[in-house]
Amino acid sequence: MSETWIVSILIIFNIIIYGFSFYLIIKNKNIQAISIRSPNLLILNNLGGFLMSSTYIFYELMKCIYPDVDTKKQSSFNYFCKILPNNYLILHFLMILPYLLRYHRIIACCKIQSDEDILSNNFSTKRHRYTETYYIKILAVLMFIIIMISFTLNYLVNDYYITPFYFDSCFLFMNSPPSFFSTPAYISYFWIITNFLEHVALLSYLYVVFINGKVNDNIKLEFIAFAILWIVFPNTLRIFDLCKVNISDFAICIICLIFLYCCLFVNGYLPIYYSFSSKQDVKYTFNSKLVDNFFLFLSNEDCVLSFLNYINEVKDEKAIYYLRIYTDIMKLKMKYQLVDNTELLDISKNIFNNYFNLASSQYFSDETVSKIKAHTEQLYSDDVNLEIFDPGLVVAYEYLFGVFKRFKETVDYKILIDNLNLVTYIQCKMCNTGLINPI
């Protein structure tokens, strides 16, 4: 297969893989996994990647159409250079700037300036600073400046192109520059400085994201993956150049496309995957006012972990035992509508064998154990009786409630309340700015 056919297939593949991601992002933009990533900025981010990849592919196609362009100037090739490669600066920033703005928005909404922010009304006056529209306006201003710089160099000066060295055939159309710029070394310096500043920005945001424990773990992993890609890619090409690695232009094109497709996976298809996998998730904000209800308290993971930490500190083995059995029995009740009877029976048998099928129990009275054992035949029937362990559940709940009253007088409880208030404030902040959609 000739190189022209390969390039033509790449064009079609490039349009499909990016176009499909745009379609899915637009279709699922109201789902929290997409909305939290700012769908419009996400599309612009990937649009920059699409235009960058298209530039590489069409450059190779033009080289196939004009194989002698390096020795003989072709006006059509010159027009192509003025449209895409010589404006690569615009495409590059169209990809990285929306990405940085997306994460800046997330960090800004998760950040609390002071302890009084939660109780103050200042947020309502600053709400517009957290909306996606505000960041799109910032992007528009930045892109206008970049377009003006590129336009000036490309059409007015016509001597200095900030074009990556990969598009070397486009340099043949440059007018004779002053002696100081007799070689395009300034281009290399420009991209080294630009990449360095981008890497500093990425690492700075990465640091802020990780010291802020309220940012979603999936978003943190995406940030790490993209930061690695964006830092490794340009430095890999520079290593090839410094080491004088003999590699063809087409091979470099493939390497660049692989890099951009990896970025598309991180910034496009991974959020899309989360949007499908999280459709059935039931999420709610656990307000600190709900903590007084002990049943609701035991339904929240953060509350249970804080409570368990307190129990371990006071070394109350009985409370640990009761918390474990309470959790196992409640899991059985919660799974009633989710799994079949066979699995429910297996879970019930495990609970009975682990806690009640003993010669004697130091944590349950003989009366309680007898009530449960009186219904053991139901563990071997077709229908599961979810009330069989209720006598033990009542004993465990009452004891834990007494421990809970003592827990409410500790510093750990106050810290828990502060954390819940903080999470609630951030969730409300995100909902009010459209970063996430309330369920």
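Hey, does region 188-205 have a residue that's modelled with pLDDT under 75 and over 23 Å from K111 (Cβ atoms)? Spell out the reasoning first.
So the first thing to find is which residues in region 188-205 are modelled with pLDDT under 75, and the list is none.
There is no residue in region 188-205 that is modelled with pLDDT under 75 and over 23 Å from K111 (Cβ atoms).
Apart from one condition, Y322 fits all of (1) assigned to a helix (DSSP H, G or I); (2) at pLDDT below 90; the exception is (2). Is region 20-37 home to any residue that is touching a helix residue (DSSP H, G or I) at 6+ places or on another chain (Cβ under 9 Å), outside any helix (DSSP H, G or I) and of a type in the set (F, W, Y)? For region 20-37, residues touching a helix residue (DSSP H, G or I) at 6+ places or on another chain (Cβ under 9 Å), outside any helix (DSSP H, G or I) and of a type in the set (F, W, Y): absent. A single member of T342, T327 is of a type in the set (S, T, Y) and at pLDDT below 80, and it is T342.
Screening I25, I31 for residues that are assigned by TED's automatic domain parsing to the domain that holds H104 and either without any contact (Cβ under 8 Å) to a residue 24 or more places away in the chain or surrounded by fewer than 22 Cβ atoms within 10 Å (Cβ to Cβ) (or both) leaves exactly one candidate, I31.
Results for (1) outside the structural domain of I147 (by TED's automatic domain parsing); (2) in a helix (DSSP H, G or I); (3) closer than 21 Å to A251 by Cα; (4) not aliphatic (A, V, I, L, M), shown as yes or no for each residue.
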| site | (1), (2), (3), (4) |
| --- | --- |
| L51 | no, yes, yes, no |
| S54 | no, yes, yes, yes |
| D68 | no, no, yes, yes |
| C81 | no, yes, yes, yes |
| L89 | no, yes, no, no |
| F93 | no, yes, no, yes |
| Y99 | no, yes, no, yes |
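The numbered conditions (1) modelled with pLDDT under 90; (2) under 19 Å from I311 (Cβ atoms) are all true for L386 except (2).
When the test is whether a residue is hydrophobic (A, V, I, L, M, F, W, C), modelled with pLDDT under 80 and either exposed (fewer than 12 other Cβ atoms within 10 Å of the Cβ) or in a helix (DSSP H, G or I) (or both), L400 does not pass it.
Can you go through F180, F173 and tell me which one is at pLDDT below 80, assigned by TED's automatic domain parsing to the domain that holds L260 and in contact with a Lys or Arg (Cβ under 9 Å, 6 or more places away or on another chain)? Don't jump to the end; show me each part of the working.
Working: F180 fails: in contact with a Lys or Arg (Cβ under 9 Å, 6 or more places away or on another chain).
Matching residue, one of F180, F173: F173.
Within this structure, L10 fails the test of being closer than 21 Å to S150 by Cβ, surrounded by fewer than 22 Cβ atoms within 10 Å (Cβ to Cβ), touching a helix residue (DSSP H, G or I) at 6+ places or on another chain (Cβ under 8 Å) and not charged (D, E, K, R). I16 meets each of the listed conditions (1) β-branched (V, I, T); (2) touching a residue at least 24 places away in the same chain (Cβ under 8 Å); (3) part of a helix (DSSP H, G or I) apart from (2).
The values are calculated or read from the model by the stated rules, or taken from the named source; none is laboratory data. Nothing here was measured: the structure is a model prediction, and the numbers come from that model. Heads up, the Cβs are rebuilt from the backbone with ideal geometry, glycines too, and the neighbour counts pull from every protein chain shown.
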